[in-house]
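Down below is the structure, laid out as structure tokens.
The values are calculated or read from the model by the stated rules, or taken from the named source; none is laboratory data. What you see is a predicted model, and the numbers here were worked out from it, not measured in a lab. Here Cβ is always computed from backbone atoms with ideal geometry, including for glycine, and neighbour counts include all displayed protein chains.
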Amino acid sequence: MDIIVCVKRVPQTAEAEVKVDSSKKDIIKDRLTFDMNESDTYALEEAILLKEKYGGTLTVVSLGPVETEDTLRIALAKGADHAIRIKAEDFGELDGYKTAQILKELIEDVKYDLIFTGCMATDDAYSQVGVTLAELLGIPHATMVTKIEVVDNKAYVHRELEGGLLEHLEIVLPALCTIQTGINDPRYASLIAIRRAAKKEIKALGKSEIPSENITLNSILEELFTPPVGKRAEILTGSMDEISTKLSGIMKEKGLI
Amino acid sequence: MNDILALVEHRQGAIRDITYELLTCGRKLAEKQNTKLTAVLLGHGTDKMIEQLKSKAHRLLVIDNELYKEFNAETYQITLADIIQKQNPFLILIGHTAFGWDLCPALATQLRIPFTTDCLDVEITDSIIKVTRQMFDGKLNAHVTLREHPSYVVTLRSGSIPAEDGNLTAEINKMETPVTVEPEYRKFIEYIEAAIGEVDITKADIVVSVGRGIKDQSNLPLLEDFANTVGGVLGCSRPVVDAGWLPKDRQVGSSGKTVKPKLYIALGISGAFQHIVGMKAADTIIAVNKDPNAPIFNEADYGIVDDLFKVVPALKSKIVELRQAKG
């Protein structure tokens, strides 16, 4: 079973303060850490598990700046066979649609049974690349996948719908799945494996290898801004003793204690 | 300007709330642009749905066929591509749901129509589409415009535009399906309902909910103990379930449970919209988070910007004191 996993290196913003930079089109990055997008780590793990079960080749692809090679190296350490970086510096402004077109140019000549992507990148949050790529390649897809079983040339997958409901469906391979978080328990790369992966080749491809004349952008980012404040919470301040006195007082007043 | 199309979303025989939000958005845009709103209903046994929808659009385009009993991105894509090619609508509105997420990028890409996803708002100025959407874990908003084209597809986030009643009388057009052969490459098998756990968090008066900020599974007993002291049950946000620290039936949010307790205490939850939709109806919300700009503070009534591991023990001892004073 040959699998391609598309991953993205993103700033880790879930637990950090995020501020807009002076261009208003990007964020201030110097105090942020970067790592593989969360759902992509699950996509990679799912691919490694399938490879362990069925054999075959696992290739990891990422469109990003040169630092992306660190992220790809971790993927190699975890069990990927090949890693390819597409040079983001060659392609200018990106959106989900453009990224998918670039990936399509690379992938259409490669043999594969499954393509995995994460179901959403936490930075631009478009959730477009996977499904768009499947359409461009002319293969079936399933999004927000929380379980995969491969039997012969079919994949039986669970898709996560709203309210805890799952959809069980069948897709014919080759196919693309966008993987939801929680599908598995992503492994950590061991130190020995990381050391070994340091010696592996990461192919870097740019506009001389990937034709981009007909590639278009759908979405143009005009500006980023701090969301308007709605019903803002009353922020309790003071010493911890004062804060907890206030809070427990409020709870008592409302008849909750 | 050509029509605006809105896709009706239904599941297991019932129209979903997002449909009414899409139709409200579509009516407002159509009114401003002096054009018409068409609701597209693909279903099976659609009479009741037609009744529910007819005041909410200028036109209701219905294809009633067993093929559309359950959602299948492939049959929907073939059908909608056919409708769009024949009618050339200016804008197609689809919900940013598990359904729209699966459908929109493929449909728009097939037709080479510019599209964008997960929008909170849509504006049209001189035939240019500008949307508002969120980025970076919901911490920033963005204005995004779409490449100029005669048609566009936009998906709208659930709950971003409140549904309003309509007073239109839709002209009803029934059509035959353009799908001649059901696609072999993707088949719906069944729905699988969520497993029922030992604790039903939707029945509790007080929910103490924990998120990424609890750092490690080993901290759970402390928080479980706090929930017990407050007289509540322990809920959580998605990352806690993904990590395997609590079962899925404790998850609050769009893919988990929707809770409406008297008190909701969010500990170390930043407040991604998927979480917010599951808890915003609580009577009182208290949030503890280290990030002063965490979106959870836009929903909470009271907030504490500090380390939850300082707040929890202090608050617990105050509550115990109050209980003892009460005797």
query = Within the bounds of the stretch A:70-82, is there any residue that is free of Cβ contacts under 8 Å to residues at least 24 places away in the same chain and in a strand (DSSP E or B)?
reply = no
task = Check B:G138, B:G159 and return the single one that is in contact with a Gly (Cβ under 9 Å, 6 or more places away or on another chain), at positive phi and at pLDDT below 95.
result = B:G138
note = Exception for A:T143 within (1) buried (at least 24 other Cβ atoms within 10 Å of the Cβ); (2) within 30 Å of A:I28 (Cβ to Cβ); (3) touching a helix residue (DSSP H, G or I) at 6+ places or on another chain (Cβ under 7 Å) falls at (2)
request  = Scan the stretch B:145-200 for residues that are in contact (Cβ under 8 Å) with a residue 40 or more places away in the chain, among the polar types (S, T, N, Q) and touching a strand residue (DSSP E or B) at 6+ places or on another chain (Cβ under 9 Å) and jot them down.
outcome  = B:S151, B:T155, B:S158, B:S160, B:N173, B:T177
Residues within the stretch B:312-327 that are more than 9 Å from every other protein chain (Cβ to nearest Cβ) and surrounded by 20 or more Cβ atoms within 10 Å (Cβ to Cβ), tallied = 1
Breaking point among (1) under 15 Å from the mean Cα position of the chain (by Cα); (2) assigned to a loop (DSSP other than H, G, I, E, B); (3) crowded, with 21+ Cβ neighbours inside 10 Å, for A:V18 = (1)
task = Go through A:K87, A:K98 for me and flag whichever is out of contact with any His (no Cβ under 8 Å at 6 or more places or on another chain), within 30 Å of A:N214 (Cβ to Cβ) and within 14 Å of chain B (Cβ to nearest Cβ).
result = A:K98
note = Going through the stretch A:146-183 in order, the residues found to be surrounded by 23 or more Cβ atoms within 10 Å (Cβ to Cβ) and part of a loop (DSSP other than H, G, I, E, B) are A:Q180, A:T181, A:I183
request  = Note down all Cβ pairs under 7 Å where the first residue falls in the stretch A:245-257 and is closer than 21 Å to B:K310 by Cα, the second is of a type in the set (G, A, S), and they're at least six residues apart or on different chains.
outcome  = A:I257/A:S248
key: In the stretch A:216-239, residue farthest from the other protein chains (Cβ to nearest Cβ) [restricted to those that are buried (at least 16 other Cβ atoms within 10 Å of the Cβ) and farther than 20 Å from A:K25 by Cβ]   = A:L236
key: Pick from the stretch B:244-254, criterion part of a loop (DSSP other than H, G, I, E, B) and in contact (Cβ under 8 Å) with a residue 40 or more places away in the chain, ranking: farthest from the other protein chains (Cβ to nearest Cβ)   = B:P247
key: Boolean, A:H158 is more than 8 Å from chain B (Cβ to nearest Cβ) and over 21 Å from A:P11 (Cα atoms)   = no
request  = Name the one entry in A:K203, A:K254 that is modelled with pLDDT under 95, touching a strand residue (DSSP E or B) at 6+ places or on another chain (Cβ under 8 Å) and surrounded by fewer than 16 Cβ atoms within 10 Å (Cβ to Cβ).
outcome  = A:K254
query = Within the stretch B:237-252, is even one residue touching a helix residue (DSSP H, G or I) at 6+ places or on another chain (Cβ under 7 Å), of a type in the set (A, V, I, L, M), within 20 Å of A:S248 (Cβ to Cβ) and surrounded by 20 or more Cβ atoms within 10 Å (Cβ to Cβ)?
reply = no
ask   = Quick one: what pairs do we get from the stretch B:229-243, first residue closer than 16 Å to B:V277 by Cβ and more than 8 Å from every other protein chain (Cβ to nearest Cβ), second outside any helix (DSSP H, G or I) and polar (S, T, N, Q), C-beta under 9 Å, 6+ apart or different chains?
value = B:G235/B:S209; B:G235/B:Q251; B:C236/B:S209; B:C236/B:Q251; B:S237/B:S209; B:S237/B:Q251; B:S237/B:S270
message = When you check A:E45 against the structure, is it under 21 Å from A:I115 (Cβ atoms) and either assigned to a loop (DSSP other than H, G, I, E, B) or touching a residue at least 12 places away in the same chain (Cβ under 8 Å) (or both), yes or no?
response = yes
key: Residue selected from the stretch A:129-140 under the condition more than 7 Å from chain B (Cβ to nearest Cβ) and without any contact (Cβ under 8 Å) to a residue 60 or more places away in the chain, by the criterion surrounded by the fewest Cβ atoms within 10 Å (Cβ to Cβ)   = A:G138
remark   = Of (1) within 12 Å of chain A (Cβ to nearest Cβ); (2) surrounded by fewer than 24 Cβ atoms within 10 Å (Cβ to Cβ), B:S127 satisfies every one except (1)
query = Of all residues in the stretch B:183-223, which are more than 9 Å from chain A (Cβ to nearest Cβ) and more than 29 Å from the chain's Cα centre (by Cα)?
reply = B:S218, B:N219, B:P221, B:L222
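From the list A:Y112, A:Y126, which one is of a type in the set (F, W, Y), at the interface with chain B (Cβ under 8 Å from one of its Cβ atoms) and either crowded, with 21+ Cβ neighbours inside 10 Å or not in a strand (DSSP E or B) (or both)?
The unique qualifying residue is A:Y126.
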task = Among what's in the stretch B:261-300 and is under 20 Å from B:R250 (Cβ atoms) and in a helix (DSSP H, G or I), pick the residue that is nearest to the other protein chains (Cβ to nearest Cβ).
result = B:I296
